[in-house]
Amino acid sequence: MPEQQKIDRPKVEDWAEKLGVTKAYEDLQGETKEIPDATRREILKALGIEQEPDPTADKRWPQPALDVPDGVKCYLPEWLQRDGAWGISVQIYEILSERDWGIGDFEDIKTLSRIAASVGASFIGLSPLHALFLSDPQRNSPYSPSSRLFFNPLHIAVDQLPGFREDLVDHAELARLRSSETVDYPAVARLKLLVLRKLWDDWKMEEWQEFSRNDFEQFKSEKGDALLGHCLFESLSSAMVKRGHGSGWRDWPEEYRDRHAPAVERHAAEHGDDIEFYAWLQWLASRQMQEAADFAKRAGLELGLYLDFAVGEVPDGSSTWSTPGLVLPSMKVGAPPDAFSSKGQDWGLVPLHPQHLLDPDTSHYGRLIDSSARFAGALRLDHAMTLWQLFLIPQDQEASAGGYLRYPFTQMITSLAKVSQERQTVVIGEDLGNVPDGFRPALQKAGVLGYRVLYFEDLAEEQPAADAPLALSLGCLSTHDLPPLKGWWRGADIELAEEVGLFDAEAAVRLREERAERKLTLLQALAKAELIPSSKANLHRWPEMTADLLVAAHRFLLQTRSMLVAVRLADMVGESRSTNVPGTVDEYPNWRLKLKVSLEALGEMSLFRRIAEAQNREIPRAGEKG
């Protein structure tokens, strides 16, 4: 091969596009935005390309194409295509029960599954359950995981473990955590880990019959080096926090930032029992997760659990520390500037390296998907555009300096479909935001459901006929980044955003005007669908979101003919507070608010039952249809 030259401007133009580093993109307003050459060079450098690649000798870089090979199709059962289904979605941490330990857990999932099946639902939708940071529980966003291969042990139902005894727990502290309006993550972690440590010591001395050492050893063998790396990270992270450092490896002393460094190997040799403990937690979490998934199906939920898969991992967590070559560490994932965010968005996540996604049989993406799909009857991909492109921002740069990198869609969709078929998992792609041309048709060809949010839909459009084929989509009123319908109706999100300075008074006035228009359009659509009287299709009649209007809105959602419909438990209990307010940190208790109604009280709650009955009026249970 002739000696290669450093890339100059012509070479960037010639090669970057072929490798998926685009010259420009079209924003949400339809305007073409040029990507700075400097940004494209930084992306190429992150890919390991500082010299011109030789296309005849290097097969690692096939040009990305938005193509679905013939025969590549995600799992989609015939009964679902024919009948459709509805289910209840919830953030697991917000579940309140008479036996919880201050946070929702795997046993609560089983209880909710039984309740949901009794009112006609076909699935339970859950927020991501990925591993976060046990040594720093206040890093609590389920969409900012340390590793997507493993679970958050804080959701272990400790009282359901075979060796649990009541004398192991501080009941006064337990009562305080249970009665708190918000999840106190540090206190929950202290209480649970203290008891789990005692149970670990007991289990080593006196093996529980239901949880044998052989099963544990088999689990470790199956998870292999990935589990060892994660547990070594957890052990080191805990030690580093105790020494005054951060939970993430980028804040550790230099000698601990490389997994294979001598200082790390010494820690591993000296803390073998601690590392084993973290592996044991993952084993317990996986067992209880599997039990919850099996129970959901036995309870009568045709799809069982519908899990959420985060778009990426944080730059200083377990995954990037233990397997750094799988990501582009010098890049951040985000979104370009738009009318709602003039500076763009930095999501605080790192992108996967495309080179490790090219072989569907060995793809790291396939392993990640399988880690959740094995427990799921349905799986939602947060920001599904990651299959085709991600907006990458060079480190130390603002989001406005970012650009798009195309991913090997053909290979990734093949990996996704392979796992989907093997696990019999329906796949939903959250396709909101800046969606490139051709992306949605490609997802449909692959059998991936789209994502329809009523807040964003054109409600003035003619709705499908009652006998129209079901659309390949999941319909819902809102997402975790938006308030429940009661809060949306009174503009609680706009009010809060203005208070914390996310936009000025002028922008608030404009947004309130737009919200009033959306509300009026919704009322008119409900009247046209004969769900409320035409005489009441005006805002003066509905200063607040009433139970009747909530039920009507959920009935209308079903008339959009989506194959799946997800109803937020927050809406079913009349909640108005947001789960998460994007752009806030300390200004709002993101990911901490519990629901105000316990699981035990759901069955007797009128609004809960009325909304469930409204779903069954439009989508009778698939099992009852035969």
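The values are calculated or read from the model by the stated rules, or taken from the named source; none is laboratory data. Just so we're clear, the structure is a prediction, and the values are computed from it rather than from any experiment. Every residue, glycine among them, receives a Cβ derived from its backbone with ideal geometry; neighbour counts consider all protein chains shown.
Structure data summary
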{"item": "Subset tally (residues that are among the acidic types (Asp, Glu) and within 29 Å of the chain's Cα centre (by Cα)) for the range 26-44", "result": "3"}
{"item": "Hits in the range 279-313 (condition: acidic (Asp, Glu) and either more than 21 Å from TRP79 (Cα to Cα) or touching a Cys at 6+ places or on another chain (Cβ under 9 Å) (or both))", "result": "GLU291, ASP308, GLU313"}
{"item": "Selection count where residues are under 34 Å from the mean Cα position of the chain (by Cα) and charged (D, E, K, R), scope the range 516-565", "result": "7"}
{"item": "Of all residues in the range 296-308 being surrounded by 20 or more Cβ atoms within 10 Å (Cβ to Cβ) and hydrophobic (A, V, I, L, M, F, W, C), the one that is nearest to ASP382 (Cα to Cα)", "result": "LEU307"}
{"item": "Single unsatisfied condition, ALA527 versus (1) hydrophobic (A, V, I, L, M, F, W, C); (2) surrounded by 19 or more Cβ atoms within 10 Å (Cβ to Cβ); (3) free of Cβ contacts under 8 Å to residues at least 12 places away in the same chain", "result": "(2)"}
{"item": "Answer residue from the range 233-280, given it is in contact with a helix residue (DSSP H, G or I) (Cβ under 6 Å, 6 or more places away or on another chain) and polar (S, T, N, Q) and is farthest from PRO145 (Cα to Cα) among those", "result": "SER235"}
{"item": "Helices (runs of 4 or more DSSP H) (entirely within the range 567-626) containing at least 1 residues that are closer than 19 Å to HIS554 by Cβ and at pLDDT 95 or above", "result": "569-572, 599-602, 606-618"}
{"item": "Index of the failed condition, LEU80 passing every other in (1) in contact (Cβ under 8 Å) with a residue 40 or more places away in the chain; (2) assigned to a loop (DSSP other than H, G, I, E, B)", "result": "(2)"}
{"item": "Flag for PRO336 being within 21 Å of ARG41 (Cα to Cα) and over 20 Å from the mean Cα position of the chain (by Cα)", "result": "yes"}
{"item": "All positions within the range 152-166 that are within 18 Å of GLY102 (Cβ to Cβ) and either in contact (Cβ under 8 Å) with a residue 12 or more places away in the chain or touching a His at 6+ places or on another chain (Cβ under 7 Å) (or both)", "result": "ASN152, PRO153, LEU154, HIS155, ILE156, ALA157, VAL158, ASP159, GLN160, LEU161, PHE164"}
{"item": "From the options GLY429, GLY433, GLY403, GLY438, residue that is touching a residue at least 24 places away in the same chain (Cβ under 8 Å), closer than 23 Å to ALA471 by Cα and crowded, with 20+ Cβ neighbours inside 10 Å", "result": "GLY429"}
{"item": "Residue check, SER113 under 30 Å from ASP83 (Cα atoms) and surrounded by 24 or more Cβ atoms within 10 Å (Cβ to Cβ)", "result": "yes"}
{"item": "Residues of the range 530-562 that turn out to be touching a residue at least 24 places away in the same chain (Cβ under 8 Å) and of a type in the set (Gly, Ala, Ser), as a count", "result": "4"}
{"item": "Which numbered condition LYS536 misses (of (1) more than 11 Å from ALA614 (Cα to Cα); (2) in contact with a strand residue (DSSP E or B) (Cβ under 8 Å, 6 or more places away or on another chain))", "result": "(2)"}
{"item": "Given (1) touching a Lys or Arg at 6+ places or on another chain (Cβ under 9 Å); (2) within 18 Å of GLU98 (Cβ to Cβ); (3) not aromatic (Phe, Trp, Tyr), index of the condition VAL169 fails", "result": "(1)"}
{"item": "Scan of the range 116-174 for residues that are assigned to a strand (DSSP E or B) and either touching a helix residue (DSSP H, G or I) at 6+ places or on another chain (Cβ under 7 Å) or of a type in the set (Phe, Trp, Tyr) (or both), ordered by number", "result": "PHE123, ILE124, LEU126, ALA131, SER147, ARG148, LEU149, PHE150, PHE151"}
{"item": "Residue in the range 252-273 that is of a type outside the set (S, T, N, Q), closer than 24 Å to GLN138 by Cβ, buried (at least 16 other Cβ atoms within 10 Å of the Cβ) and touching a Gly at 6+ places or on another chain (Cβ under 7 Å) present", "result": "no"}
{"item": "Of the criteria (1) under 18 Å from VAL68 (Cβ atoms); (2) among the β-branched types (Val, Ile, Thr); (3) out of contact with any strand residue (DSSP E or B) (no Cβ under 9 Å at 6 or more places or on another chain), which one THR386 fails", "result": "(3)"}
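Residues are listed down the side, and each one gets a yes or a no for (1) part of a loop (DSSP other than H, G, I, E, B); (2) more than 25 Å from THR386 (Cβ to Cβ); (3) out of contact with any Leu (no Cβ under 7 Å at 6 or more places or on another chain):
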residue	(1), (2), (3)
ASP67	yes, no, yes
CYS74	yes, no, no
LEU96	yes, yes, no
TRP101	yes, yes, no
GLU107	no, yes, yes
